[in-house]
Structure formats: structure tokens, C-alpha cells
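What follows is a single structure, written as C-alpha cells, with notes after it.
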Amino acid sequence: MPIDPDSISRKDAKAFLQMQLEFSVDQSIGDDPVNRYKLKEDKPRPARPPKSINLRAESKPADFVGIASRLAAQARNLDELRNSLEKFEHCELKFSARQLVFSDGRADSRLMIIGEAPGRDEDIQGRPFVGRAGRLLDAMFAAIDLSRNSESAANGLYITNVIPWRPPGNRAPTSEEINMMRPFMFAHIKLASPQLIVLMGNIACQAVINSAGITRIRGDWRDFLGIPVMPTFHPAYLLRNPLSKRLAWRDLLAVRLKMRGEVGSS
Ligand code: URA
């Protein structure tokens, strides 16, 4: 809000100038504050559906996990699964996010990567792992000749997240949110039908193999519906803990060996 110069005393004005000097303000740029975080072409957020009023006091709480399971089970292919998610109105995250972040890469890839949830960059672009952590993920998999932009399925990557909408302020998804979105993620795995899965970080491990404690469980092959699954560190964790990259590299070598039909475990 612009300050009306007539409404402040000389004393306050002096104190205000003194504060600006202390904050190292040395230029006057404009009278009105500008929200530099607002995007020029900000997409309209999905509209929240009107709440239906339930007059029957004894009615049971809605079974959102059941609704998610039925919707997810109806999808016969990945396009239908994406449409089901677009129609699903019961996860609050949908209404604070800019858009759905469904997947990226080649759906026919042998390897599927599952992360946690979109962050700011992913929310803006509508694709998973496109920020700093995503650049590290791309570099890690390029080191074993795999890429989301590959021209062949054999060297391709298919990338998605447990949660398809950005949690506000990048907070961790709650257990309720994970449980609600799990049926969609399981359907996603079944429809993509990869030969191997890499789970990045604790949330992905909790959602898919019901295990947490990534430092303990990483590097050992698990099984999900007959598909070998490798738990490893999330790239965002590796950015904060570069010493752990050594262990993540071991996990990737195990993935490479497995893809070549050799054993591969750390
Ligand atoms: N972290 C994730 O887990 N997923 C993304 O898409 C981006 C960052």
C-alpha cells in the first residue's frame, strides 16, 4: 500500500528512512509493491465444487479411498487414468495446486521412477521432476544410459509421483493424502507395466512397499506385484547430503545390472 506522506509524522518518517538505510535500501523503484512471485500467465486454479449439505445427521463419513479405488480401477489406459484424476474432487491439494502433474517420459519404458509430489517448478510446468532435484535425477540416470527423452523404450524412463498435486509450501503429504491417492498410483503402475521400479525417498517407499527408513532399506531389491523395486534416496535429499551420492550410485549400478539381466544388489 502506498504511504500517504501527509499521514505520518516527521519523527515516523525519519525512523522509516533510518530503517531503510539499515536494510541497505539505496534506490526508489516504485510507489506500489509488486508481487514478483506471481506468474505473468497464472493459470486459474481448479474450482472447488459446491459442498452438498447432508441433512441426515447419522450419515457415515464419505469413503474417499473407496471412491478413488473405484475410479482408478475403471481406467483402461493411462489417458483414462489421467482423466479420472482430473475428475477426482476429494483431495484438497487439487485446489491449492495450479494443475495436475501426471507423468513425464516414455510410458513404454522398462524403468518407472516414482517420487513424492510436485514442487513449485513441477506445479508450474505440469511435469514431474523439472526443478533442481529433477536435474540431478536426469544426471543420475544419464550415467546409466537412461533418459526420459530417449528415442528407445529400452533406454527410456517413465516418471511419476505418489501425489499428483503440489502440497502447499512443499510440505510433506499427509498419510490421509497418501492413502487417498494410492489407488491411482497402483493403477498407474499396472497400466504402465514397467519391468523395474525405482522408488525415490521415504514417501514413495511408504506408499508402494509400505516401508520407511530409507537409509536402512535403500539398495535392497523389493517386490511389488512381481515387479522388482529398488528403494533409493530422493534427489532432493542428495542435494542436501552430497556424501550419500556414493550410496545412490551403488543403487543405480544395481539397477543397471538388473536391466542387463545380471543380479545387481548392493
Ligand atoms: N520431488 C518429487 O518427489 N517429485 C517431483 O516431481 C519433484 C520434486
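The values are calculated or read from the model by the stated rules, or taken from the named source; none is laboratory data. All figures in this text were calculated on a predicted structure; none of them were measured in a lab. We place every Cβ from the backbone using ideal geometry, glycine too, and count neighbours over all the protein chains shown.
Here are some notes:
- Of residues in region 105-119 being more than 15 Å from Ala172 (Cβ to Cβ) and of a type outside the set (A, V, I, L, M, F, W, C), the one nearest to the chain's Cα centre (by Cα): Gly105
- Only listed residue being more than 16 Å from Phe141 (Cβ to Cβ), touching a strand residue (DSSP E or B) at 6+ places or on another chain (Cβ under 7 Å) and buried (at least 18 other Cβ atoms within 10 Å of the Cβ), chosen from Ile209, Ile214, Ile203: Ile214
- The lone exception for Gly261 - which of (1) modelled with pLDDT under 95; (2) among the small types (Gly, Ala, Ser); (3) touching a helix residue (DSSP H, G or I) at 6+ places or on another chain (Cβ under 9 Å) it fails: (3)
One line per residue, one yes/no per condition, for (1) under 18 Å from the mean Cα position of the chain (by Cα); (2) of a type in the set (A, V, I, L, M, F, W, C):
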{"site": "Ser150", "(1), (2)": "no, no"}
{"site": "His188", "(1), (2)": "yes, no"}
{"site": "Leu196", "(1), (2)": "no, yes"}
{"site": "Cys205", "(1), (2)": "yes, yes"}
{"site": "Ile214", "(1), (2)": "yes, yes"}
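- Scanning region 176-225 for residues that are among the aromatic types (Phe, Trp, Tyr), closer than 19 Å to Ala117 by Cα and more than 16 Å from the ligand (Cβ to nearest atom) yields a count of 1.
- Yes/no for Pro173 being within 19 Å of the chain's Cα centre (by Cα) and within 16 Å of the ligand (Cβ to nearest atom): yes
- The condition of being in contact with a helix residue (DSSP H, G or I) (Cβ under 7 Å, 6 or more places away or on another chain), surrounded by fewer than 12 Cβ atoms within 10 Å (Cβ to Cβ) and at pLDDT below 95 holds for only one of Arg48, Arg56, Arg36, Arg10, that being Arg48.
- Of all residues in region 166-195 being in contact with a Lys or Arg (Cβ under 9 Å, 6 or more places away or on another chain) and crowded, with 18+ Cβ neighbours inside 10 Å, the one that is nearest to Ile67 (Cα to Cα): Pro183
- Given (1) out of contact with any Cys (no Cβ under 9 Å at 6 or more places or on another chain); (2) crowded, with 19+ Cβ neighbours inside 10 Å, index of the condition His90 fails: (2)
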